[in-house]
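The values are calculated or read from the model by the stated rules, or taken from the named source; none is laboratory data. Predicted, not measured: the structure shown is a model, and the values here were computed from it. For neighbour counting, all protein chains shown are included, and Cβ atoms are generated from backbone atoms with ideal geometry for every residue, glycine included. Surface areas here come from the heavy atoms of the whole protein model, side chains and all, with no ligands, DNA or RNA. Shrake-Rupley method; radii C 1.70, N 1.55, O 1.52, S 1.80 Å.
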There are 2 protein chains.
Amino acid sequence: MIIDCHGHYTTAPRSLEDWRNRQIAGLKDPAAAPKVSDLAISDDELRESIVTNQLQKMLERGSDLTIFSPRASFMAHHIGDFKVSSTWASICNELCYRVSTLFPDNFIGAAMLPQSPGVDPKTCIPELERCVEEYGFVGINLNPDPSGGHWREPPLSDRHWYPIYEKMVEHDIPAMIHVSTSCNACFHTTGAHYLNADTTAFMQCLTADLFRDFPTLKFVIPHGGGAAPYHWGRFRGLAQELKKPLLKDHLLNNIFFDTCVYHQPGIDLLTKVIPVDNILFASEMIGAVRGIDPETGHYFDDTKRYVAATPNLSDADRHKVFETNARRVYPRLDAALCARGL
Amino acid sequence: MIIDCHGHYTTAPRSLEDWRNRQIAGLKDPAAAPKVSDLAISDDELRESIVTNQLQKMLERGSDLTIFSPRASFMAHHIGDFKVSSTWASICNELCYRVSTLFPDNFIGAAMLPQSPGVDPKTCIPELERCVEEYGFVGINLNPDPSGGHWREPPLSDRHWYPIYEKMVEHDIPAMIHVSTSCNACFHTTGAHYLNADTTAFMQCLTADLFRDFPTLKFVIPHGGGAAPYHWGRFRGLAQELKKPLLKDHLLNNIFFDTCVYHQPGIDLLTKVIPVDNILFASEMIGAVRGIDPETGHYFDDTKRYVAATPNLSDADRHKVFETNARRVYPRLDAALCARGL
């Protein structure tokens, strides 16, 4: 079985975006604000949006199951207040849940949280618990910068975030550390802000002792860990200067990297430098980079090809990257698969 | 000849830091503000600080000439106003100049600029010109985020920066794009902010057409280009979606990467992915990562070893990385060497 741990519902029916635009318009003109019930998307529309997009690509490329969360760039936690984020998160999570019920063999949910700049993260707990308990979601996306590129919340190692971590540990779910749209003109969303956030999150963990307080907490750092694997020597050296343990002991029981790196040399480096137990297959397909690489004739985000081709992994290693690591990092996913005899 | 294009005066005599601390104290208490003439560092002190540090390591490792600029983390452009930055830059640049006159075979200067948040960059031009014309400096360090981690200036592609670019082109000097200390708690200075800035700068150039306005403008992106080479497929794909030319045509006539990547797999990736003509040898020795790598028994920042060992470069390629690329990117360096018959 091939599990893709990083998929977003980037292809939701257009009416979702229209509703969101009305919600945003309602911030200035309350008369324009839509009701939740104004959004009606049929099962057929959901099926169509998946069958012709993600599911088609999964069948073509040969992956089986995608951990599926709301579109990352649309989370836009910087817009409005907690109530706005809460309504929006609830709608987006429910759509991912419906996709997971329409295609139970191919999609399982991960939640976006109703984060809002400057608001206590514990306000996110009801939505988190609803998604886990009612929707069977197996993870969350945690945004370390709900300001959208201004970085005004404390680092992930700060007690500010502990209410979320306590619930993650209680429910045995990992968090993918994933920012959303940048509204800082310096940072292109998918070309700078996403990668910077990955590197930043890794370093926030490196300088702290968060995993001493939460030994079973698990973070998935997407996009191949940002700059971390490429600069692994730098990070090993910085940890040494900071008198931290070796990275494998300090961080690698708790931090995992996905394979959303869109060329062969990048995947070769990732699999050379990072222990195989810390690498989870992912493609973020139909995401940031949707085109075909003229150098290979294949989609940039068809990362399965790179993982299959790298000389750094044995067949047993590949089985870990494609399946068993995800089942270990997402225990609720494993339980759901086991319940189906898989 | 082996030219290291990225060295900072991290080992300046302690009295420099003391003076700076008094300058900072003077922001709140003008009576505590020091005069420039209060700082007196003798040639012997300068010699001592170099001979036992950078020069010793250069001799041990076998590099010949370092392009030497003031300590990056101490630039701290966010402190005080333009006048404060101006005085500080003037002092720091003069020290690098004095080092270059004491050790003319081994050091040649690059300038820090007296940038200040929200201040028009053209205010930096007198210091820039003084350093080039009086000190024989061959490049500048340009800080894309003088706020120190809050990213409040426009992107590097904005006309805001054009006065600097016009002078760079006029004097035929490149800029290393280099931030300074982060005063945003989210970003560790050398573990996150530096690498993020590299990635951000690269993407700012990718989304724009800056080099159409300045075809001969040259940027050196340090620390191996941040995350750019590791995610080269992502950047190629993003450029394609943005209808930009191929990266080699869009950016690689103007953007160069240094080799400050502190492990062999990172240098292997850099030299595999980036055309050899765009790679300049550098170590940033006695900088962010000063320790010995327990996996190799050698200094993390002894990057010459990685460049020497990588299977991706021929001897002719290595000659480019070690010498001729730097002479091409820094024409005033080449002229200075030619004038000495080198």
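Could you tell me whether A:Ala40 is loosely packed, with under 13 Cβ neighbours inside 10 Å and either in a strand (DSSP E or B) or touching a helix residue (DSSP H, G or I) at 6+ places or on another chain (Cβ under 8 Å) (or both)?
yes
I'm trying to understand the selection: among the residues of segment B:140-185, which are at positive phi and either out of contact with any Cys (no Cβ under 6 Å at 6 or more places or on another chain) or outside any loop (DSSP other than H, G, I, E, B) (or both)?
B:Asp172
Which of the following residues is within 14 Å of chain A (Cβ to nearest Cβ) and either in contact with a His (Cβ under 6 Å, 6 or more places away or on another chain) or at pLDDT 95 or above (or both): B:Val169, B:Val179?
None of the other options fit; the residue is B:Val179.
Any idea which residue in segment B:187-197 is farthest from the chain's Cα centre (by Cα), counting only those that are facing another protein chain (nearest Cβ under 8 Å) and of a type in the set (A, V, I, L, M)?
B:Ala192
For residues in segment A:72-90 being among the aromatic types (Phe, Trp, Tyr) and surrounded by fewer than 21 Cβ atoms within 10 Å (Cβ to Cβ), which is nearest to A:Tyr9 (Cα to Cα)?
Looking at residues that are among the aromatic types (Phe, Trp, Tyr) and surrounded by fewer than 21 Cβ atoms within 10 Å (Cβ to Cβ), I get A:Phe74.
What's the number of the condition A:Ser69 fails, among (1) assigned to a loop (DSSP other than H, G, I, E, B); (2) touching a helix residue (DSSP H, G or I) at 6+ places or on another chain (Cβ under 8 Å)?
(1)
Of the residues in segment A:198-244, how many are among the aromatic types (Phe, Trp, Tyr), at the interface with chain B (Cβ under 7 Å from one of its Cβ atoms) and closer than 18 Å to A:Asp158 by Cα?
0
Just for segment A:128-165: of the residues that are closer than 26 Å to A:Ala339 by Cα and among the charged types (D, E, K, R), which one is surrounded by the most Cβ atoms within 10 Å (Cβ to Cβ)?
A:Arg130
Can you tell me which residues in segment A:91-113 are farther than 18 Å from A:Ala76 by Cβ, more than 16 Å from the chain's Cα centre (by Cα) and open to solvent by 10 Å² or more (accessible area, probe 1.4 Å)?
Matches in segment A:91-113: A:Arg98, A:Ser100, A:Thr101, A:Leu102, A:Phe103, A:Pro104, A:Asp105, A:Asn106.
Taking the stated definitions as given, is A:His319 within 9 Å of chain B (Cβ to nearest Cβ) and not aliphatic (A, V, I, L, M)?
no
Report every pair of residues separated by at least 6 positions or lying on different chains whose Cβ atoms are under 9 Å apart, first residue within segment A:9-26 and free of Cβ contacts under 8 Å to residues at least 12 places away in the same chain, second assigned to a helix (DSSP H, G or I).
From residues that are free of Cβ contacts under 8 Å to residues at least 12 places away in the same chain, the pairs are A:Ala25/A:Ala32; A:Gly26/A:Ala32; A:Gly26/A:Val84.
Being open to solvent by 20 Å² or more (accessible area, probe 1.4 Å) and farther than 24 Å from B:Pro229 by Cβ is the filter here, so list the residues in segment A:218-239 that pass it.
Answer for segment A:218-239, where residues must be open to solvent by 20 Å² or more (accessible area, probe 1.4 Å) and farther than 24 Å from B:Pro229 by Cβ: just A:Lys218.
Taking segment A:8-35 only, how many residues are within 22 Å of A:Ala72 (Cα to Cα), open to solvent by 30 Å² or more (accessible area, probe 1.4 Å) and hydrophobic (A, V, I, L, M, F, W, C)?
The number of residues fulfilling the criteria is 3.
Checking B:Pro155 against (1) without any contact (Cβ under 8 Å) to a residue 12 or more places away in the chain; (2) of a type outside the set (Lys, Arg); (3) at the interface with another protein chain (Cβ under 9 Å from one of its Cβ atoms), which single condition isn't satisfied?
That leaves (1) as the condition not met.
For segment B:267-287, indicate whether the set of residues that are more than 14 Å from chain A (Cβ to nearest Cβ), closer than 18 Å to B:Ala110 by Cα and crowded, with 24+ Cβ neighbours inside 10 Å is non-empty.
Yes, the conditions are met somewhere in segment B:267-287.
Evaluate the following for A:Ser63: is it touching a Ser or Thr at 6+ places or on another chain (Cβ under 8 Å), open to solvent by less than 80 Å² (accessible area, probe 1.4 Å) and either of a type in the set (Val, Ile, Thr) or on the phi < 0 side of the Ramachandran plot (or both)?
So A:Ser63 passes the test.
Output yes when any residue across segment A:120-127 is farther than 30 Å from A:His188 by Cβ, open to solvent by less than 30 Å² (accessible area, probe 1.4 Å), part of a helix (DSSP H, G or I) and among the hydrophobic types (A, V, I, L, M, F, W, C), and no when none is.
yes
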